[in-house]
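Step one of this worksheet: look at the structure below.
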Amino acid sequence: MIDWLQRRPRKERRIFAMAFDFMMMPLALWLAFSLRLGEVFISAWTPWWVFLLPPVIALPVFFKMGLYRTVIHLIEIQALETILKAVTLMVVIFSLFLLLLSPHGVPRSSLVIFWMVSLLIVGGSRFWLRRLVHGYQQKKRQCVAIYGAGETGAKLVSALHLSGESYVTCFFDDNPELQGQEVAGIHVYSPNEIETVLQARDIQEVIIAMPAATMIQKKNIFNRLEPHPVQVKILPGLDAMINGTVQLDRLRDINVDDLLGRDAVAPHSELLGTCIRDKVVMVTGAGGSIGSELCRQIIKHQPKSLLLFERNEFALYSIDQELKKILEPMQDTIEIIPFLGSVQHLKRVTKICKSFAVQTIYHAAAYKHVPLVECNPIEAIQNNIMGTLHMAQSAIATHVERFVLISTDKAVRPTNVMGASKRCAELVLQGLQTQNHHTCFSMVRFGNVLGSSGSVVPLFHKQIKRGGPITLTHKNITRYFMTIPEASQLVIQAGAMAAGGDVFVLDMGEPVRIIDLARKMIALSGLTEKTVEHPDGHIVIEETGLRPGEKLYEELLIGSNVEGTEHPLIMRANEEMITWQELEVLLENMQQASQDFDVQAVRELLLTLVNGYQPEPDIHDWVWHKGCGNK
């Protein structure tokens with residue numbers, strides 16, 4: 001019956017409600033007479049029109065008062081006021097008719113009872129039907145719990161029920177004053193009852209409705225939910241409600257950023273603008289993960305123009321279109337200029353820097369994928385080392401004010417070509433700074449960024465989506481993680497603090513075990529890990545062994561000589577360097593060896609240049625010779 005009613009058009013449901021009230025009003029009057037007399041009312045003297053009058057009065061009154069415009073399954077307790085007014089008006093009009101017509105056999109004192117019975121039938125029938133509909137919908141919809149029984153949580157209940165896709169069965173809240181109470185007609189439980197409630201109510205999804213929650217609070221909530229096979233979603237940001245209404249399109253899956261990220265430290269606005277505002281800024285590798293985010297951050301701080309330099313055509317097209325779309329509604333005058341090219345072309349980059357009078361360069365262009373770079377060391381030398389050298393020489397020749405290199409924690413005591421080449425790039429800038437008195441060179445070193453191309457996060461997402469297995473190289477491998485926006489903001493601020501030749505190190509927080517990251521991502525998807533102890537799980541985690549050049553853990557400092565800066569998350573490292581005279585000769589030899597594809601000479605030069613470089617001999621013998629096409 002409920003299913004049939006719900007499938008009917010609204011007009012038919014309105015006619016059904018009117019027919020129900022038309023039949024119930026005579027019954028309500030008969031019940032009132034019977035209750036008043038204390039026996040079943042049967043009177044041959046009472047005119048028939050007395051019983052017809054209440055429904056004839058009720059229908060136009062109820063229609064005018066809007067009772068037939070209300071959607072039954074969305075009716076709230078506030079509707080009782082409208083029902084009370086409508087029934088009272090109907091009884092008053094009926095009483096006036098009785099007073100004027102004075103029909104025989106009608107007990108006048110029964111009118112108060114008639115008012116009460118009518119109120120019970122009209123109001124009770126609607127709320128009873130609402131309960132039936134909700135119960136029926138609950139069986140068809142996904143059962144959802146909301147963590148956070150505040151104003152946002154209460155609004156979310158109405159929005160979810162209105163959407164027709166989910167049914168909220170309970171709240172969880174940390175506030176002891178709310179626990180045991182009802183919010184929007186739904187019981188609020190303590191988080192200590194999560195396990196019992198989730199199992200008893202067959203809840204498949206939990207939504208965190210705490211827009212003002214800190215990262216620590218989010219992590220604590222997820223740690224409570226992680227052992228249970230439920231999908232976790234979040235309504236983020238203090239702008240989750242617009243005009244007092246929750247926007248369901250803001251609802252999203254909780255992601256790794258929410259769990260591994262940190263509460264943002266307010267940036268220093270004067271540092272953000274120092275190298276950008278009213279200046280010509282150039283970003284190399286502008287289409288990459290870090291480069292593109294740097295561009296997004298840069299246009300917020302009003303540069304005169306922004307030059308995008310990228311060798312990947314599609315990546316350059318994508319970021320160019322995105323930035324122009326962001327600026328379009330702002331009617332901003334910032335000029336976005338895309339350049340397709342390689343940092344290895346000295347004349348090309350020099351021409352661009354000179355023609356546009358570039359003042360600030362953020363050098364993010366580099367090959368960073370450790371196994372790929374390990375198999376292609378000559379390309380890494382040309383791009384990461386010689387490309388940085390050419391960019392720096394162009395900056396000096398064209399009087400660029402500031403040059404900021406995006407470096408990596410893998411440059412510290414590297415075991416791979418990628419890390420060794422990035423440390424060489426740092427040495428190039430440190431050496432050039434001693435010979436140059438105009439351009440201020442600096443480098444910013446940090447670890448992995450969440451969601452970057454080639455990182456484990458998108459890889460794990462794909463593996464989970466296809467049902468596993470998740471593959472990781474070693475169960476004890478750890479990495480530092482930071483969100484891309486946070487890293488980009490800190491890079492800009494660090495560059496503004498540079499005095500020349502500075503090596504800045506970002507505070508990456510605590511290192512994360514990759515296997516723990518994998519397990520969290522499985523749990524985020526509402527799935528469980530499949531193990532020998534839990535054969536009914538969904539996703540298997542497999543170890544594949546360390547890849548060529550891969551370390552179990554990364555470091556951020558070569559030595560221990562580090563000092564703080566005016567920003568709490570940025571440190572300045574004082575590390576050894578090579579004099580430019582010595583470095584220049586080694587770089588010339590490196591250039592010649594890479595052009596000759598002399599991999600043995602390249603290896604020896606890297607060992608000479610990079611203090612602490614410890615390649616794995618057996619792996620490198622195979623990779624470097626066969627990977628480079630040598631016999």
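The values are calculated or read from the model by the stated rules, or taken from the named source; none is laboratory data. Fair warning: this is a prediction, and the values are worked out from it, not measured in the lab. Don't worry about glycine lacking a Cβ; one is built from the backbone with ideal geometry, like all the others, and counts go over all protein chains shown.
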Check: So which residues in the stretch 503-527 are touching a helix residue (DSSP H, G or I) at 6+ places or on another chain (Cβ under 8 Å) and not hydrophobic (A, V, I, L, M, F, W, C)?
Finding: Lys520, Ser525
Next item on the list: Report yes if some residue within the stretch 335-344 is over 26 Å from Ser455 (Cβ atoms) and crowded, with 20+ Cβ neighbours inside 10 Å; otherwise report no.
Entry: yes
Checklist line | Single residue of Leu96, Leu74 found to be at negative phi, modelled with pLDDT of 80 or more and surrounded by fewer than 16 Cβ atoms within 10 Å (Cβ to Cβ) | finding: Leu96
Margin query: So Val400 ticks every box in (1) over 26 Å from Leu606 (Cα atoms); (2) within 34 Å of the chain's Cα centre (by Cα) but one. Which box is left unticked?
Written below: (2)
Check: For Val428, all conditions in the list (1) of a type in the set (Val, Ile, Thr); (2) outside the structural domain of Leu389 (by TED's automatic domain parsing); (3) more than 22 Å from the chain's Cα centre (by Cα) hold save one; what is the number of the exception?
Finding: (2)
Checklist line | strands (runs of 3 or more DSSP E) (entirely within the stretch 177-239) containing at least 2 residues that are more than 24 Å from Leu527 (Cβ to Cβ) and touching a Phe, Trp or Tyr at 6+ places or on another chain (Cβ under 7 Å) | finding: 186-189
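Results for (1) of a type in the set (S, T, N, Q); (2) more than 50 Å from the chain's Cα centre (by Cα); (3) modelled with pLDDT of 70 or more, shown as yes or no for each residue.
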{"site": "Phe63", "(1), (2), (3)": "no, no, yes"}
{"site": "Thr88", "(1), (2), (3)": "yes, yes, yes"}
{"site": "Gly105", "(1), (2), (3)": "no, yes, no"}
{"site": "Leu160", "(1), (2), (3)": "no, no, yes"}
Item checked: Every pair of residues 6+ apart whose Cβ atoms lie under 7 Å, when the first sits in the stretch 580-600 and is charged (D, E, K, R) while the second is not in a helix (DSSP H, G or I) -> none
Notebook entry, point to check: Give me the pairs: first residue in the stretch 364-387 and in the same structural domain as Gln591 (by TED's automatic domain parsing), second residue of a type in the set (Lys, Arg) and assigned to a loop (DSSP other than H, G, I, E, B), beta-carbon distance under 8 Å, and six or more apart or on different chains, which are they?
Noted result: Ala365/Arg311; Val370/Arg547; Pro371/Arg547; Glu374/Arg547
Check: Could you say which residue among Gly148, Gly185 is small (Gly, Ala, Ser) and at pLDDT 85 or above?
Finding: Gly148
Checklist line | Filter result for Ile299 (among the β-branched types (Val, Ile, Thr) and in contact (Cβ under 8 Å) with a residue 40 or more places away in the chain) | finding: no
Note to self: Quick check on my filter: what residues within the stretch 407-430 are hydroxyl-bearing (Ser, Thr, Tyr) and assigned to a helix (DSSP H, G or I)?
What the structure shows: Ser421
Check: Hey, any hits in the stretch 593-601 for a residue that's touching a helix residue (DSSP H, G or I) at 6+ places or on another chain (Cβ under 6 Å), surrounded by fewer than 18 Cβ atoms within 10 Å (Cβ to Cβ) and not in a loop (DSSP other than H, G, I, E, B)?
Finding: yes
Next item on the list: Return the total of residues in the stretch 355-402 being closer than 15 Å to Ser421 by Cα, surrounded by fewer than 20 Cβ atoms within 10 Å (Cβ to Cβ) and acidic (Asp, Glu).
Entry: 1
Checklist line | helices (runs of 4 or more DSSP H) contained entirely in the stretch 335-380, each with at least 2 residues that are basic (Lys, Arg) and closer than 27 Å to Glu322 by Cα | finding: 346-355
